[in-house]
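Below is one structure; the comments refer to it alone.
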Amino acid sequence: MYDVIVLGGGPAGYVAAVRLVEKGFKVALVERKYLGGECTNWGCIPSKALIDLSNNLYSLKALSKAGLSYSIERIDYSRLLKHVERAVIKSREGIKYLLSDVDVFYGVGRVKDVNTVEVLNNSKVVKELTGKNIVVATGTEPNVIPSFKFDGERILSNREFFELKSFPNSIAIIGAGAIGCEISSALAKLGVEVHLIEIMNKILPEVDKDLSDVVHKHLVKQGVKIYTSAQAKYEGVTPDGKEVIVKLSLGSDLIELKVEKVLIAAGRKYNTSGLGLENVGVELDSKGVISVNEFMRTTVPNIYAAGDVTGPPLLAHKAFREGMIVADAIAGVKNPLPRGPIPMVIYTEPEVGLVGLSETQASKAGIAYKVFKFPFIALGRDYASIKSTPEGFVKILIEENTRKMLGAAIVGNAASEVIHLFGMGLTLGLDLTELRKVVTAHPTYSEVFSEVVNEALGEPLHGPRK
Ligand SMILES: Cc1cc2nc3c(=O)[nH]c(=O)nc-3n(C[C@H](O)[C@H](O)[C@H](O)COP(=O)(O)OP(=O)(O)OC[C@H]3O[C@@H](n4cnc5c(N)ncnc54)[C@H](O)[C@@H]3O)c2cc1C
């Protein structure tokens, strides 16, 4: 009998397994397809490999504007995608190595009873594993949207997209959340004709408008054609079979697009049905999110859940954290690590970094707060860069009574790194007087941290005078 059986080898599952082994437990992990889950295989890793390539190409364009002329002979899309594939394989192999002391079983796992997991291959039970505890970390699946059916050839989810052997000349991306915007930005910079379609009235619907406006402007500059308040409908393929026809309703206007591929990036659905969870008493909500307490324990005492299956934010580092909490909980650690605050990064160019409450959330919650901003236009490191983002800024929300940070957001270069300074302040519950003790080196992007804290204290340093 195993101490723990983990279902799913993505960020939540493999981290739980690694930690449990470190703590001396005997662990089995059941994975349906590839180690690393969505993140390694069709998510974080391939998307960032692609984004890195496109950002480097874009830097060359910026260099030429600054006087350094060059010419690119050709872009070999299939070799670029090989680079992406190499990154995926490296990540997968790394996880395999980390799991050296875990018994990994490939197949579909299903909970038979509170101590038994069946492993199925081609719908047949090939193994039964028994364990004292079970961890459910089965993640999510791409969402299907009305009228578009994934066909793996023209209508793609992120999974088929990252397995393409070459890029299309044109693509419609449906859904302008983080994933849709990131991939649009990358492809447009690599020369693909990109149509980004969003049903809501702005891109990045969950992000404050002052930030998403900056991203919108840059996506347009990079060549992305954006349609907001737009409803897309599949209208078949062109007579030569080469392109998909997508009809867009934009209020009373109708537009027809012809594109080689359509990528659906319109949310995720929880991978929790068919796992046998309801039969053993694990409570799920109507969307399929598993209910857990602060120890990631479900409504069945020896069954835990971690990662995307426990609900938003659907992020790999949230999954890592929850995997660690599961391991601590099974080991009997009394004070679990906190589950948040979880930072979020959007890897567009410029990047967005978010942590804690947004202005929209704080207003909705009726919290009394003040907002302070510092513009990138006053940041030496940024204006010295060939890729400066003068529209960029950082903002912090300070609670009026306590003078503690409620949240922070950055749009601009290096937002993906600098946001963690704010995350640290927020996690440790520091107030402005404590935050101002931090010295940041000059000239760095991290200086936005000290600058905006100075702003909030009413002692601006390099910021604009009122
Ligand atoms: C295009 C894209 C880009 C992304 N970029 C980022 C990013 O930059 N940063 C970030 O933080 N997050 C990003 N994410 C989100 C991130 O990938 C997920 O939040 C993360 O993978 C969740 O980890 P998980 O372990 O909960 O689930 P998953 O990664 O989905 O892993 C679940 C695993 O369980 C397996 N499984 C499912 N059912 C069974 C079963 N019955 N039996 C056995 N195994 C099963 C699956 O095969 C899978 O391997 C991105 C997602 C996408 C789609």
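Observations on the structure shown:
- If you go through the range 139-189 and pick out every residue that is more than 16 Å from the ligand (Cβ to nearest atom), of a type in the set (A, V, I, L, M, F, W, C) and closer than 23 Å to Asn56 by Cα, you end up with 1.
- Residues of the range 4-34 that are assigned to a loop (DSSP other than H, G, I, E, B), more than 7 Å from the ligand (Cβ to nearest atom) and in contact with a strand residue (DSSP E or B) (Cβ under 8 Å, 6 or more places away or on another chain): Phe25, Lys26.
- Within the span defined as the range 170-188, one or more residues are buried (at least 23 other Cβ atoms within 10 Å of the Cβ) and part of a loop (DSSP other than H, G, I, E, B).
- Screening Ala62, Ala87, Ala49, Ala28 for residues that are surrounded by fewer than 16 Cβ atoms within 10 Å (Cβ to Cβ) and small (Gly, Ala, Ser) leaves exactly one candidate, Ala62.
- Residue match in the range 306-328 (condition: touching a strand residue (DSSP E or B) at 6+ places or on another chain (Cβ under 9 Å), more than 22 Å from Val144 (Cβ to Cβ) and of a type in the set (Ser, Thr, Tyr)): yes
- Condition check for Arg268: within 14 Å of the ligand (Cβ to nearest atom), under 23 Å from Gly407 (Cβ atoms) and either surrounded by fewer than 22 Cβ atoms within 10 Å (Cβ to Cβ) or in the same structural domain as Trp42 (by TED's automatic domain parsing) (or both): no
- Among all residues of the range 238-245, there is none that is within 30 Å of Pro313 (Cβ to Cβ) and either within 16 Å of the ligand (Cβ to nearest atom) or surrounded by fewer than 18 Cβ atoms within 10 Å (Cβ to Cβ) (or both).
- Test: Glu163 is among the acidic types (Asp, Glu) and either in contact with a Ser or Thr (Cβ under 7 Å, 6 or more places away or on another chain) or closer than 30 Å to Ala329 by Cα (or both): no
- Selection within the range 271-281: residues that are in contact (Cβ under 8 Å) with a residue 24 or more places away in the chain and within 11 Å of the ligand (Cβ to nearest atom). The member of this set that is surrounded by the fewest Cβ atoms within 10 Å (Cβ to Cβ) is Gly274.
- Strands (runs of 3 or more DSSP E) wholly inside the range 195-312 that include at least 2 residues being farther than 13 Å from Ile174 by Cα: 230-237, 244-250, 253-259, 268-270, 303-305
Rundown of residues vs (1) in contact with an Asp or Glu (Cβ under 9 Å, 6 or more places away or on another chain); (2) at pLDDT 95 or above, yes/no style:
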residue	(1), (2)
Ser71	no, no
Ile75	no, no
Ser78	no, no
Arg86	no, yes
Lys90	no, yes
Tyr97	no, yes
Val102	no, yes
Val108	yes, yes
Val111	yes, yes
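- Check on Lys149, assigned by TED's automatic domain parsing to the domain that holds Lys261 and surrounded by fewer than 13 Cβ atoms within 10 Å (Cβ to Cβ): no
- Qualifying positions in the range 423-453 - assigned to a helix (DSSP H, G or I), hydrophobic (A, V, I, L, M, F, W, C) and surrounded by fewer than 18 Cβ atoms within 10 Å (Cβ to Cβ): Met424
- Checked against (1) within 30 Å of Leu29 (Cα to Cα); (2) in a loop (DSSP other than H, G, I, E, B), Val326 passes all but a single condition, namely (2).
The values are calculated or read from the model by the stated rules, or taken from the named source; none is laboratory data. Just so it is clear, the model here is predicted, and its values are computed rather than measured. Neighbour counts run over all protein chains shown; Cβ positions are idealised from the backbone, glycine included.
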